[in-house]
Amino acid sequence: MLTVSFPAAAMGTNCYVVARERGSECVVVDPGIGVTDQLEHVLAELDLKPTAVLLTHGHLDHTFSVTPVCGGTIAAHIHEDDRYRLVDPYAQLGPQLRGMLEQSFGKAATWQEPEKVVSIHEGAPLELAGLTFGVTHAPGHTEGSVMFTIDDVPQGLDDATAASVTSTVVTGDVLFAGSIGRTDLIGGSAEAMQRSLRDKVLPLPDTSLVLPGHGPATTIARERATNPYLQGLTS
């Protein structure tokens, strides 16, 4: 599996491009703030054609570029409980953050919802770009936060990591290396996050490579052993 990641221009959000191989169709995950130029470069360099956008949740730092990336021809996929966030993602921001983003990246009035949006839910895998993406609903950071699982691993991993992983999970802001997503924003819930960590994250195989919404990649084995937010939980 070919996987490329790069950070957005703000908030360090990871944007992922996932494909079977060079010269094939691909899926773009979480196109955040200011990613369009870098994304165009990656697509051209690897001769990839995007066929879908997957959103781990509806926060603006993960969706800011979704409409230009979709371009009116491909669909954005988001969990049904976060679907409302694509109508006006600025509406869920606190006044300070909203003011900063509007000053730097454009007023709320410039937002345009993608023309094609597909509501997704747990238990309905997505067959896209020759890959199967499992959908795991893991609320807590937002109502509709999801993790995407793939029964494959990226090319180019170092030898030690490649020997220890057999699958991939894109966790968005559910799980980071050494941390988790915050639960104090609109739609967040500490109680729901605890349930998601216990019932959705802990059951994942230790051999899962974790591609988070922010920060470096990790593994479920490493997070199970060292992440303080997973300690004391039992699946």
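The values are calculated or read from the model by the stated rules, or taken from the named source; none is laboratory data. It should be emphasised that the depicted structure is a prediction, and the values quoted were computed from it without experimental measurement. When we count neighbours, we look across all protein chains shown, and the Cβ atoms used for this are built from the backbone with ideal geometry, even at glycine. In case anyone asks, the SASA skips ligands and DNA or RNA and just uses the protein heavy atoms, side chains included. Shrake-Rupley method; radii C 1.70, N 1.55, O 1.52, S 1.80 Å.
Of note:
- Boolean, A217 is out of contact with any helix residue (DSSP H, G or I) (no Cβ under 7 Å at 6 or more places or on another chain) and surrounded by fewer than 15 Cβ atoms within 10 Å (Cβ to Cβ): no
- Complete set of residues in the range 41-64 that are open to solvent by less than 10 Å² (accessible area, probe 1.4 Å) and under 17 Å from V87 (Cβ atoms): V53, L55, H57, G58, L60, H62, T63
- Screening P205 against (1) closer than 24 Å to D61 by Cβ; (2) open to solvent by 60 Å² or more (accessible area, probe 1.4 Å); (3) not in a helix (DSSP H, G or I) leaves a single unmet condition, (1).
- Residues in the range 16-36 that are under 22 Å from D152 (Cβ atoms) and in contact with a strand residue (DSSP E or B) (Cβ under 6 Å, 6 or more places away or on another chain): Y16, V17, V18, A19, E21, E25, C26, V27, V28, V29, D30, P31.
- Which numbered condition G232 fails, given (1) crowded, with 23+ Cβ neighbours inside 10 Å; (2) modelled with pLDDT under 95: (1)
- Condition check for Q155: assigned to a helix (DSSP H, G or I) and open to solvent by 20 Å² or more (accessible area, probe 1.4 Å): no
- The lone criterion from (1) at positive phi; (2) in contact with a Leu (Cβ under 7 Å, 6 or more places away or on another chain) left unmet by M11 is number (2).
- Entry remark, the range 158-202: residues being assigned to a helix (DSSP H, G or I) and small (G, A, S) number 7 in total.
- Enumeration of residues in the range 44-55 that are farther than 17 Å from P154 by Cβ, in contact (Cβ under 8 Å) with a residue 24 or more places away in the chain and either in contact with a strand residue (DSSP E or B) (Cβ under 7 Å, 6 or more places away or on another chain) or among the small types (G, A, S) (or both): K49, P50, T51, A52, V53, L55
- Candidates are the residues of the range 1-50 that are over 14 Å from the mean Cα position of the chain (by Cα) and of a type in the set (S, T, Y); the one that is farthest from T171 (Cα to Cα) is S24.
- The residue that is modelled with the lowest pLDDT, counting only those in the range 18-32 that are crowded, with 22+ Cβ neighbours inside 10 Å and out of contact with any Lys or Arg (no Cβ under 7 Å at 6 or more places or on another chain), is G32.
- Residue in the range 167-177 that is among the polar types (S, T, N, Q), open to solvent by 50 Å² or more (accessible area, probe 1.4 Å), modelled with pLDDT of 95 or more and closer than 22 Å to P31 by Cα present: no
- Positions within the range 106-152 being hydroxyl-bearing (S, T, Y) and either under 19 Å from C15 (Cα atoms) or assigned to a strand (DSSP E or B) (or both), in sequence order: S119, T132, T136, T142, S145, T149
- Pair list, Cβ < 9 Å and 6+ apart or interchain, from the range 116-132 residues that are within 16 Å of T63 (Cα to Cα) to residues that are among the polar types (S, T, N, Q): K116/T73
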